[in-house]
Amino acid sequence: MYNPKSLKAEEFISHEEILDTLDYADKNKDNLELIDKILDKAQLKKGLDHREASVLLACENPERIQRMYDLARQIKKDFYGNRIVIFAPLYLSNYCINGCTYCPYHLKNKHILRKKLSQEEIAREVIALQDMGHKRLALEAGEDPVNNPIEYILESIKTIYGIKHKNGAIRRVNVNIAATTVENYRKLKEAEIGTYILFQETYHKESYLKLHPTGPKHDYAYHTEAMDRAMEGGIDDVGLGVLFGLELYRYEFAGLLMHAEHLEAVHGVGPHTISVPRIKKADGIDPSLFDNGIDDEIFAKLCALIRICVPYTGIIVSTRESQSVREKVLPLGVSQISGASRTSVGGYCEEEIPEEGDSSQFETSDRRTLDQVVKWLMELGYIPSFCTACYKEGRTGDRFMSLCKTGQIQNCCHPNALMTLQEYLIDYASPETRTVGEKLIKEQMPEILSDKVRSLTEGYMQDIRDGKRYIRF
Ligand code: SF4
Ligand code: SF4
């Protein structure tokens, strides 16, 4: 029985409800009257439910698809302006006891190089990341209670926050680790993590069980209910995601939206972010063996529809995607991207030595430096933002959501983006990037609408030029 308020995975992600939804979508994919009605509702910028969304996904009418794209662009502009938040993943350990068939870290892979960073190695990685200009990290680690217990994760977070190198600092650590207990989520909250991210991989239970044949992750309900335990443990910013390519994308899309609706219904706070990874080549993993791959057009449509259906959520696209694909989806709603990522353990300090083996989780498609990514974004008219202010200012969970849904968060995001960009330009940018950035900041200052905030920002900019750091709204 479908019930978004239930705490049971199989009730809030009901297989029957998804099948009914897909059937409804198929029957209505040419029903232009209904589609126009749904699009009119979407225009109110309050989101759409999984049934309405699935009809739009099934619709193949070019004019209506164009309207979806235009709407996604408009909502992106209204909620996020032209800012793109930048982060980097940090792989702590690739020891893992799970058997995920699409990931090279699975237990049975005996030839992949296994690594776990010591605290000294983490410090070196963090200094390398700070020297690039990063302020926001996403920690990644396999599930292994012996090699990667929660104490190791907590100690690593402490190490990361503790490193102050030149003007650098990691100001927000988001964490992507396996589903765990309420008690452990509470410990992560106390360690001051930003968002807890956990990809569902697939919402299709039968496929999930096949794709995760062994290890604790095999437990579909425990994995699917993880966000509820995280919320119970006090983490109010959670990030959802599916790995597109494992199951039919229409099924996943409906499941993803039902998960978001469930979080809203039970906790009053929807997902802080939604990630849209697509399966990639890796050691022993051939994406063509997974026959549900999606092409770039469908990928773009999914990004646009997530923006329309969950207007307040951050959409994350990683370096799994190439520069050209990222360029295509940036205007359609993406709000966060990773830059200069290394997806191997210790990858920021060490060059991979082929004879020693590869420890990376997947091949990246965008291998540019952070300086190149920042310059590229600015040349496309975006403001690269290193802002991490909300967590420090206590704007999390429902407080954040209400500011975001009413659009008031813009009064913080825009000046914070410009100030963190200014810090970046002074501390890390190449001369060419600095020139482009200084011009952009000058053009963007008048876009701060409040006279008071603009005049404060002007003063803060001078403080930054005088050497002060981490000034924020
Ligand atoms: S996806 Fe995560 S849990 Fe699965 S094998 Fe890879 S690291 Fe382990
Ligand atoms: S002000 Fe908050 S929502 Fe805006 S960019 Fe900064 S951290 Fe994100």
Practice item. Give a residue-ordered list of calculated ³J(HN,Hα) values for segment 177-192 (Karplus: 6.51 cos²θ - 1.76 cosθ + 1.60, θ = phi - 60°; whole Hz; x for Gly, Pro). Key: 10, 4, 3, 9, 8, 4, 4, 5, 5, 4, 5, 5, 4, 5, 7, 6
Practice item. Compute the distance in nm between two label points, each set 7 Å from the Cα along the Cα-to-Cβ direction, one at Leu380 and one at Lys108. Key: 3.9 nm
Exercise for review: Return the long-range amide H neighbours of Ser365 (sequence gap of 5 or more, or a different chain), with a cut-off of under 5 Å between placed amide H atoms.
Suggested key: Arg320, Glu321
Review point. Normalised by the residues of the chain, what does the relative contact order come to in percent, with Cα pairs under 8 Å and at least six apart?
Key: 20 percent
Revision key, fill the gap. Projecting the Cα atoms of Asn148, Thr159, Tyr196 onto the charge dipole of segment 137-208, where Lys and Arg contribute +1 and Asp and Glu -1 at Cβ, the residue farthest towards the positive end is Thr159
Review point. If you wrap segment 295-451's Cα atoms in a convex hull and average its projection over all directions, what's the area in nm²?
Key: 11.5 nm²
Point to revise | Extension gain (nm, one decimal) between Glu327 and His165, 0.36 nm per residue minus Cα-Cα | key: 55.1 nm
Exercise for review: Report Rg/Rh for segment 374-473, rounded to two decimals, where Rg is the Cα radius of gyration and Rh the Kirkwood radius.
Suggested key: 0.97
Exercise for review: For Asn31 and Lys77, calculate 0.36 nm times their separation in residues minus their Cα-Cα distance, and state this gained length in nm to one decimal.
Suggested key: 13.7 nm
Practice item. Please report, in debye to the nearest 20, how large the charge dipole of segment 9-76 is about its Cα centre when each Lys and Arg carries +1 at its beta carbon and each Asp and Glu carries -1 there. Key: 600 debye
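To the nearest 500 deg cm²/dmol, what mean residue ellipticity at 222 nm is calculated for the chain from DSSP H runs of n ≥ 4 alone, each contributing -39,500 (n - 2.57), summed and divided by the residues?
Result for the chain: -14000 deg cm²/dmol, rounded to the nearest 500.
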Review point. What are the ³J(HN,Hα) values, in whole Hz, obtained from phi via the Karplus relation 6.51 cos²θ - 1.76 cosθ + 1.60 with θ = phi - 60°, for each residue of segment 56-66 in sequence order, with x given for Gly and Pro?
Key: 5, 5, 6, 5, 10, 6, x, 5, 5, 5, 4
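With an 8 Å cut-off on Cα pairs and a minimum separation of 6 or more residues, tell me the relative contact order of segment 9-76 in percent.
36 percent.
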Review point. If we count other beta carbons within 10 Å of each Cβ, what is the order of His272, His111, His212, fewest first?
Key: His111, His212, His272
Check your understanding: How long is the chain along each principal axis, judged by its Cα atoms, biggest number first, in Å?
Key -> 62, 53, 38
Check your understanding: Please state the Cα pair-distance histogram of segment 9-76 with 10 angstrom bins from zero: what percent is in each bin?
Key -> 21, 49, 25, 5
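Taking loop as defined by DSSP and a crowding limit of 12 other beta carbons within 10 Å, which trypsin sites (Lys or Arg not before Pro) in segment 1-94 fit?
Qualifying residues, ordered by number: Lys5, Lys46.
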Practice item. Would you pull out the residues with amide H under 5 Å of Arg83's amide H, same chain only if 5 or more places away, H placed 1.01 Å from N? Key: Ile383
Review point. If you take the square roots of the eigenvalues of the alpha-carbon gyration tensor of segment 1-48 and sort them as a ≥ b ≥ c, do you get rounded (a/c under 1.5), prolate (a/b over b/c) or oblate?
Key: oblate
Point to revise | Relative contact order, percent, segment 407-465 [alpha-carbon distance under 8 Å, six or more residues apart] | key: 47 percent
Practice item. Measure off 7 Å from each Cα along the Cα-to-Cβ vector at Glu447 and Asn292, then give the distance between these two points in nanometres to one decimal. Key: 3.8 nm
Check your understanding: If you plug each phi of segment 459-465 into the Karplus form 6.51 cos²θ - 1.76 cosθ + 1.60 with θ = phi - 60°, what whole-Hz ³J(HN,Hα) values come out, in order, with x for Gly and Pro?
Key -> x, 5, 4, 5, 4, 5, 4
Revision key, fill the gap. If each part is reduced to its alpha-carbon centroid, segment 410-473 and segment 371-404 end up apart, in Å, by 13 Å
**Study point:** Exposure proxy ranking, count of Cβ atoms within 10 Å, fewest first, for Met445, Met258
**Key:** Met445, Met258
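If you take every DSSP beta bridge fully contained in the chain, what fraction is antiparallel? Give it as a percent rounded to 5. Before the final figure, lay out each step's value.
Details: 3 of 32 bridges.
Antiparallel bridges: around 10 percent, rounded to the nearest 5.
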**Study point:** For the chain, cysteines whose Cβ has no other cysteine Cβ within reach (under 4.7 Å)
**Key:** Cys59, Cys96, Cys303, Cys309, Cys349, Cys387, Cys390, Cys404, Cys412, Cys413
Review point. What do the square roots of 5 times the Cα gyration tensor eigenvalues come to for segment 164-253, in whole Å, largest first, as semi-axes of the equivalent ellipsoid?
Key: 28, 16, 11
Study note, to complete from the structure: Residues whose modelled amide H sits under 5 Å from the amide H of Gly233, counting only those 5 or more places away in sequence or on another chain, are none
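In debye, nearest 20: dipole of the chain around its Cα centre with unit charges on the Cβ of K, R (+) and D, E (-)?
Here the chain has a charge dipole of around 1380 debye.
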Point to revise | Radius of gyration and maximum dimension Dmax of segment 253-323, Cα, Å | key: 14.1, 42
Point to revise | Kirkwood-based shape ratio for segment 407-465, expressed as Rg/Rh from alpha carbons | key: 0.98
Study note, to complete from the structure: The alpha-carbon center of segment 204-270 and that of segment 43-119 are separated, in whole Å, by 13 Å
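Under a point-charge model restricted to the Cβ atoms of Lys and Arg (+1) and Asp and Glu (-1), what is the dipole moment magnitude of segment 407-465 relative to its Cα centre, in debye to the nearest 20?
That gives a dipole near 80 debye.
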**Study point:** segment 37-140: proportion of alpha-carbon pairs further apart than 18 angstrom, %
**Key:** 68 percent
Practice item. Please provide three numbers in whole Å: the alpha-carbon extents of segment 344-397 along the principal axes, with the largest listed first. Key: 46, 31, 18
Exercise for review: Report the paramagnetic label zone for Gln408: residues of segment 270-309 whose backbone N is under 18 Å from a point 7 Å from Cα along the Cα-to-Cβ axis.
Suggested key: 270
Practice item. Find the centroid of the Cα atoms in segment 310-359 and in segment 123-185, then give the distance between the two in whole Å. Key: 17 Å
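Coordinate-derived values only; no laboratory data. Given the structure is predicted, the values throughout are model-derived calculations rather than measurements. Positions of Cβ are backbone-derived with ideal geometry, glycine not excepted, and every protein chain shown enters the neighbour counts.
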